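The values are calculated or read from the model by the stated rules, or taken from the named source; none is laboratory data. Quick caveat, the model's predicted, so the values are computed rather than measured. Note: ideal-geometry Cβ built from the backbone for every residue, glycine included; neighbour counts use all protein chains shown.
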């Protein structure tokens with residue numbers, strides 16, 4: 001199996017990224033929100049393809065603010081999960097943090113999303129606390145996780 005290809009997101013990737021968000025998140029970002037992200041100087045958007053000839057199947061977006069990367073979204077299409085795509089995106093994100101000399105990478109994840117929490121922990125993220133009733137769709141708590149670089 002070949003290594004996945006991770007590239008900066010382009011405007012031509014907007015439809016694919018938004019479709020991934022729709023199937024992965026209870027309250028997905030809109031296409032317009034992703035369009036705005038493409039224009040923000042502090043926003044970093046990366047897409048993953050299993051190979052150059054295949055469509056976008058995963059993405060990550062995060063913000064570089066001061067000495068921190070704040071993860072906004074990491075998502076993989078359900079039918080191609082457990083193939084290392086999220087791990088590849090996290091490795092890329094962490095390398096970006098090191099290249100930019102940030103001190104922290106932080107994120108919020110649903111308390112019930114045990115698979116994501118385990119993946120982040122595998123990469124060295126630690127749970128820092130809870131944001132109570134963080135998610136608007138069901139009032140679920142968010143677990144705040146952080147990685148010190």
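Inspect the stretch 126-133 for any residue being in contact with a helix residue (DSSP H, G or I) (Cβ under 8 Å, 6 or more places away or on another chain), at pLDDT 95 or above and closer than 21 Å to residue 6 by Cβ and give the result as yes or no. No, every residue in the stretch 126-133 fails to be in contact with a helix residue (DSSP H, G or I) (Cβ under 8 Å, 6 or more places away or on another chain), at pLDDT 95 or above and closer than 21 Å to residue 6 by Cβ.
Exactly one residue out of 69, 38, 48 is more than 20 Å from residue 103 (Cα to Cα), at pLDDT 95 or above and in contact with a helix residue (DSSP H, G or I) (Cβ under 6 Å, 6 or more places away or on another chain): that is 48.
Looking only at the stretch 117-134, which residues are under 19 Å from residue 63 (Cβ atoms) and buried (at least 17 other Cβ atoms within 10 Å of the Cβ)?
Answer for the stretch 117-134, where residues must be under 19 Å from residue 63 (Cβ atoms) and buried (at least 17 other Cβ atoms within 10 Å of the Cβ): 120, 125.
Among the residues of the stretch 51-61, those that are closer than 13 Å to residue 80 by Cβ and touching a helix residue (DSSP H, G or I) at 6+ places or on another chain (Cβ under 7 Å) comprise 55, 56, 57, 58, 59. Within the stretch 16-31, can you find the residues that are at pLDDT below 95 and loosely packed, with under 14 Cβ neighbours inside 10 Å? Hits for the stretch 16-31 are 26, 27, 30.
One line per residue, one yes/no per condition, for (1) at pLDDT below 95; (2) within 24 Å of residue 38 (Cα to Cα); (3) more than 14 Å from the chain's Cα centre (by Cα):
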| position | (1), (2), (3) |
| --- | --- |
| 74 | no, yes, no |
| 83 | yes, no, yes |
| 138 | yes, no, yes |
| 143 | no, no, yes |
| 148 | no, no, yes |
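In the stretch 51-63, the residue that is modelled with the highest pLDDT out of those that are touching a strand residue (DSSP E or B) at 6+ places or on another chain (Cβ under 6 Å) and more than 21 Å from residue 107 (Cα to Cα) is 56.
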